[in-house]
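Each value in this text was obtained by applying a stated rule to the coordinates, not by laboratory testing. All of these numbers come straight from a predicted model, not from anything done at the bench. We place every Cβ from the backbone using ideal geometry, glycine too, and count neighbours over all the protein chains shown.
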Amino acid sequence: MPIYGFNNVETKIEGMIQLPVTMGTEPRQATCMLNFLVVKASSTYNAILGRTGIHAFKAIPSTYHLKIKFPTKNGVGEEIGDQKMTRSCYVGALKSGGTGGQVLPIEDLDVREEEERRGKPAEDLVPFSLYPDEPEKVTYVGASLPEDMKSEFVKFLRNNRDVFAWTAADMLGIDPLFMTHTLNVSPDWKTRETKEEKFCP
């Protein structure tokens, strides 16, 4: 999916990268992990912090003051823009004619996709069916258990298989004697019907 600039020119997205961004100076400093879209295009900027990035820092920018403020654990942090440096970068970009590019190295970056981290069982598991006529409904016991203990577990689970809810339809509800939900409203109050509000003319 491409992105479009102010002149409605299409720019192809090469990919996306997640990088840590730190703003402010110690002790009023904050760091957030932000997603950046990578494009092959000449620009006077190395990176552009968009609306999602500003929201991640809960920041308030002021273009008039060239300043952005954001909350930190130790008070309000701030980043101040450098007008002189900004102008020199812009002039340098104009002199280069917008051709060519500069590759900025990113240190300690592993571009491999991170695998989803999920909990793993402490030991190998052995599946078994709870219902002889429905072999797809299985559960597991530890493979390292002694055979007699494993048989006892399987027998116990099969005898109590009615507690397993495979679908929402299998959940018969909760006994009101165990738990109920009530509204915190006085029974002496009379009910009132509110007038219908029109939100559109």
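Observations on the model:
- Contour minus Cα-Cα distance for residue 55 and residue 16 (0.36 nm per residue): 12.2 nm
- Fluctuation leader among 65, 55, 181 - the chain, Gaussian network, Cα springs under 10 angstrom: 181
- Overall form of region 3-81 per C-alpha gyration tensor (a/c, 1.5; a/b vs b/c): prolate
- CD proxy at 222 nm, helix term only [per DSSP H run n ≥ 4: -39500 (n - 2.57); per residue of the chain; nearest 500]: -5000 deg cm²/dmol
- Efficiency of FRET between residue 6 and residue 31 - r from beta-carbon atoms, R0 25 angstrom, step 0.05: 0.20
- Near residue 66, once Lys and Arg are set to +1 and Asp and Glu to -1 for all other residues with Cβ below 14 Å from its Cβ, the sum equals +1.
- Taking the centroid of alpha carbons for each part, region 124-201 and region 1-47 are 45 Å apart.
- Bridging of residue 95 to lysines at a Cα separation below 20 Å is possible for 40, 84, once same-chain residues fewer than 8 apart are set aside.
- Within region 3-81: Cβ-based charge dipole about Cα centre, in debye rounded to nearest 20 (Lys, Arg +1; Asp, Glu -1): 180 debye
- Diffusion coefficient (Stokes-Einstein, Kirkwood radius over C-alpha pairs, 37 °C, 0.692 mPa s) for the chain: 129 µm²/s, rounded to a whole number.
- Modelled spin-label separation between residue 184 and residue 133, with each label point placed 7 Å from Cα along the Cα-to-Cβ direction: 4.9 nm.
- Under 20 Å from residue 69, Cα to Cα: lysines that are on another chain or at least 8 residues apart: 58
- Residue-span extension gain [residue 63 to residue 40] - 0.36 nm each, minus C-alpha spacing: 5.6 nm
- Under a Gaussian network description of the chain, with springs only between Cα atoms under 10 Å, the residue in 33, 171, 16 that fluctuates furthest is 171.
- 17 Å Cα-Cα reach of residue 120 towards lysines, excluding residues that sit fewer than 8 places from it in its own chain: none
- Choice from 146, 187, 127 showing the highest fluctuation, given a GNM over the chain with Cα pairs closer than 10 Å: 187
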